[in-house]
Each structure stands twice: as C-alpha cells, then as structure tokens.
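A.B. asks: I'd like to ask you about the structure that follows.
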Amino acid sequence: MPTVNAEKFDVDQEIKISSSRQAADLKNKIFSYIDNVIISQGSLTINAELVQVITQDKSNNKIYIAKGSPATFEQTLQDGSPINLQANEIRYEPDLNTVVISGNALLRQEGSEVSGSKITYNFETEYVNAESLENAKVETVLQPKNKTELPKKSKDKQE
C-alpha cells in the first residue's frame, strides 16, 4: 500500500465548497459563499460563516478569504498529525502555499498552542510566523512529549 503524503498534493487537488447560499460579482470575479461554509481540498478543511473567493486578473490565481467567529482551518501534516488554526479571518492562497490568520489567531498542534494577532503558516514548508499588535505579545504554550504517556490515576485510590 503506498504512503499518502496528502499535504504535498493538496494544492493540485480540486477544491470543493459547500454553503447555504452563494452570490457572485461576475464583473470583479468575486464569489461569495454564505452560512455554513465548508471548503475541502485533500486533507485540508476550512469552516466559516462567509467565504469570498477572489480571482486575480493577470495570474488567474484565487484567494480565499474566510470569516467567522471563529473560522477554522485544519490539515493533516506529512507525519499524520493534525494542525488546527482558528481566527476571525483566514486568508488562504494555495498558489503561494500560505494561510494567514488574523484576529484572535490561534494555532494548535499536538497539544501545543501559539496565539497572536496574526499568524502566517506555509503548509508546504510547515513554517509558522506569529505576530502581535504593538502593545501585545505572542504567546506559546508547549506541552511536554511525555504528558500523554502519564498513567491514569486509579479510581480506587480516592482520598
């Protein structure tokens, strides 16, 4: 059975979008998907309340801007572990291999978290850059590797 490395091929796979409603500005090449929006592409899934798909004139590349409270982005990495991002706005640019989340931005991976006002994630290189507003800080919470391996306390030993 061949090994699947879904994230390496996601940008080459078709993008499926489902929503409760759709609207289009054909002149400006902006398509809007409204309420219960789900975008899927390989192992990648975005959930949002509103998604606008903007086609750039010269390159014909598409930009997906998802908004929600929060909007979420999930993907399975090459090692099989999931990465989860959530924010008020998610800007997905498949042709640049990037996702930029902003507004209460939070990235979770294997129990660890990074939060800030803006987080940029390159899903090809798996590089993360987190920023915050002028008077705020980026926060990172790292979980020890052996935390999930701790034995469970027995219910018989209650005090």
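The values are calculated or read from the model by the stated rules, or taken from the named source; none is laboratory data. Owing to the predicted nature of the structure, the values given are computational and were not obtained by experimental measurement. Every residue, glycine as well, gets a Cβ built from its backbone with ideal geometry; the counts of neighbours run over all protein chains shown. Each accessible area value is taken on the protein alone, full model and side chains, heavy atoms only, with ligands, DNA and RNA left out. Shrake-Rupley method; radii C 1.70, N 1.55, O 1.52, S 1.80 Å.
A.B. asks: Can we say Y33 is of a type in the set (F, W, Y), crowded, with 17+ Cβ neighbours inside 10 Å and farther than 18 Å from V100 by Cβ?
C.D. replies: yes
A.B. asks: Could I ask something else about it? For A130, which of the numbered conditions (1) surrounded by fewer than 17 Cβ atoms within 10 Å (Cβ to Cβ); (2) more than 24 Å from S19 (Cβ to Cβ) fails to hold?
C.D. replies: Answer for A130: the failing condition is (1).
A.B. asks: Determine whether segment 32-44 contains at least one residue that is modelled with pLDDT under 95 and of a type in the set (V, I, T).
C.D. replies: Checked against the condition, which is being modelled with pLDDT under 95 and of a type in the set (V, I, T), segment 32-44 yields no hits at all.
A.B. asks: Can you spot a residue in segment 52-70 that is assigned to a strand (DSSP E or B), more than 30 Å from A136 (Cα to Cα), at pLDDT 95 or above and of a type in the set (A, V, I, L, M)?
C.D. replies: Yes, some residue in segment 52-70 is assigned to a strand (DSSP E or B), more than 30 Å from A136 (Cα to Cα), at pLDDT 95 or above and of a type in the set (A, V, I, L, M).
A.B. asks: Do we have E113 as open to solvent by 60 Å² or more (accessible area, probe 1.4 Å) and not hydroxyl-bearing (S, T, Y) here? Write out each step before concluding.
C.D. replies: Values: open to solvent by 60 Å² or more (accessible area, probe 1.4 Å): yes; not hydroxyl-bearing (S, T, Y): yes.
It is true that E113 is open to solvent by 60 Å² or more (accessible area, probe 1.4 Å) and not hydroxyl-bearing (S, T, Y).
A.B. asks: I'm checking my understanding of the structure. Among residues of segment 29-52 that are in contact with a Gly (Cβ under 9 Å, 6 or more places away or on another chain) and without any contact (Cβ under 8 Å) to a residue 24 or more places away in the chain, which one is nearest to P94 (Cα to Cα)?
C.D. replies: L50
A.B. asks: Checking R108 against (1) assigned to a strand (DSSP E or B); (2) loosely packed, with under 14 Cβ neighbours inside 10 Å; (3) touching a residue at least 24 places away in the same chain (Cβ under 8 Å): exactly one of these is not met. Which one?
C.D. replies: The failed condition is (2).
A.B. asks: Somewhere in segment 13-30, is a residue buried (at least 19 other Cβ atoms within 10 Å of the Cβ) and of a type outside the set (V, I, T)? Spell out how you get there, then give the answer.
C.D. replies: First, the residues of segment 13-30 that are buried (at least 19 other Cβ atoms within 10 Å of the Cβ): none.
No, segment 13-30 contains no residue that is buried (at least 19 other Cβ atoms within 10 Å of the Cβ) and of a type outside the set (V, I, T).
A.B. asks: Quick one: would you say F73 is modelled with pLDDT of 95 or more and open to solvent by less than 20 Å² (accessible area, probe 1.4 Å)? Let's see the steps before the verdict.
C.D. replies: Values: modelled with pLDDT of 95 or more: yes; open to solvent by less than 20 Å² (accessible area, probe 1.4 Å): yes.
When the stated conditions are applied, F73 passes them.
A.B. asks: So which of Q86, Q78 ends up being open to solvent by 20 Å² or more (accessible area, probe 1.4 Å), touching a residue at least 40 places away in the same chain (Cβ under 8 Å), of a type outside the set (V, I, T) and farther than 17 Å from Q22 by Cα?
C.D. replies: Numbers: Q86 fails: touching a residue at least 40 places away in the same chain (Cβ under 8 Å).
Q78 is the lone residue from the list that is open to solvent by 20 Å² or more (accessible area, probe 1.4 Å), touching a residue at least 40 places away in the same chain (Cβ under 8 Å), of a type outside the set (V, I, T) and farther than 17 Å from Q22 by Cα.
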